[in-house]
1. Does the stretch 154-168 contain at least one residue that is surrounded by 15 or more Cβ atoms within 10 Å (Cβ to Cβ), of a type in the set (Asp, Glu) and more than 20 Å from the chain's Cα centre (by Cα)?
2. Which of the residues spanning the stretch 24-51 are closer than 20 Å to Val66 by Cβ and loosely packed, with under 15 Cβ neighbours inside 10 Å?
3. Considering only residues that are touching an Asp or Glu at 6+ places or on another chain (Cβ under 6 Å) and open to solvent by 40 Å² or more (accessible area, probe 1.4 Å), which ones fall in the stretch 63-96?
4. Restricting attention to strands (runs of 3 or more DSSP E) lying wholly within the stretch 69-174, give those where 2 or more residues are under 29 Å from Ala51 (Cα atoms) and touching a residue at least 24 places away in the same chain (Cβ under 8 Å).
5. Look at Ala17 and say whether it is within 20 Å of Phe157 (Cβ to Cβ), part of a strand (DSSP E or B) and modelled with pLDDT of 95 or more.
Amino acid sequence: DASYDRLQSFGLEASAALGPLNLRSEAAYYLTGDTAGDDPKTKNNSLNWLAGFDVDLPVSQLNLNVQTTGSYILGNDDIASPLDVDYDADGDYSNDKIIVRLSDSYDHEKVIPELAALWGIERDDFILMPKCTLTMRDDMKLELSGAVFLGSSKGEFGAFVDNHFAQATFTYSF
């Protein structure tokens, strides 16, 4: 059965510059139709957050961006069936990740290399994502990217451990 589950989001966000650091944070409460947490077809309410910073490093145009993001599913005491959309076999209803991105820019932003990594803390997941964007002309770009999946086979990314990939995308705007 296809159905539409209503979701209301209530949140706060803040950002500030502290010396060379650009700080940011967000917090949200997701209110769903399953306020009691006992409807296996509807997602439970949850708390969600993000906190991070970025800083320009004193080498080239190097920028380091570090963030943590997470969520906690409320009412998880009543989640007992694998048929519940929020079910976790290990009973772990929090999901925290640390995301790190290092990027640079060369030749007047015509060459932009970056390396991003994401670590899923509770599920022992890891994904490494290199990328390089080459602007050949104002209307032509070539992007080379890929992903390497590591970690536990039970995790969000570790399940793809045999699916590493590389790709090239060519864009021409006219």
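The values are calculated or read from the model by the stated rules, or taken from the named source; none is laboratory data. What you see is a predicted model, and the numbers here were worked out from it, not measured in a lab. Ideal geometry is used to build each Cβ from the backbone, glycine not excepted, and the neighbour counts take in all protein chains shown. Heavy atoms of the whole protein, side chains included, go into the accessibility calculation; ligands, DNA and RNA do not. Shrake-Rupley method; radii C 1.70, N 1.55, O 1.52, S 1.80 Å.
1. No, the stretch 154-168 contains no residue that is surrounded by 15 or more Cβ atoms within 10 Å (Cβ to Cβ), of a type in the set (Asp, Glu) and more than 20 Å from the chain's Cα centre (by Cα).
2. Answer for the stretch 24-51, where residues must be closer than 20 Å to Val66 by Cβ and loosely packed, with under 15 Cβ neighbours inside 10 Å: just Ala27.
3. Asp78, Asp92
4. The qualifying strands (runs of 3 or more DSSP E) are 94-103, 111-120, 125-137, 140-151.
5. Considered against the rule, which asks whether it is within 20 Å of Phe157 (Cβ to Cβ), part of a strand (DSSP E or B) and modelled with pLDDT of 95 or more, Ala17 comes out as no.
Results for (1) in contact with a helix residue (DSSP H, G or I) (Cβ under 9 Å, 6 or more places away or on another chain); (2) among the β-branched types (Val, Ile, Thr); (3) part of a strand (DSSP E or B), shown as yes or no for each residue.
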position	(1), (2), (3)
Gly11	no, no, yes
Arg24	no, no, yes
Ala28	no, no, yes
Asp38	yes, no, no
Leu47	no, no, yes
Leu50	no, no, yes
Val55	no, yes, yes
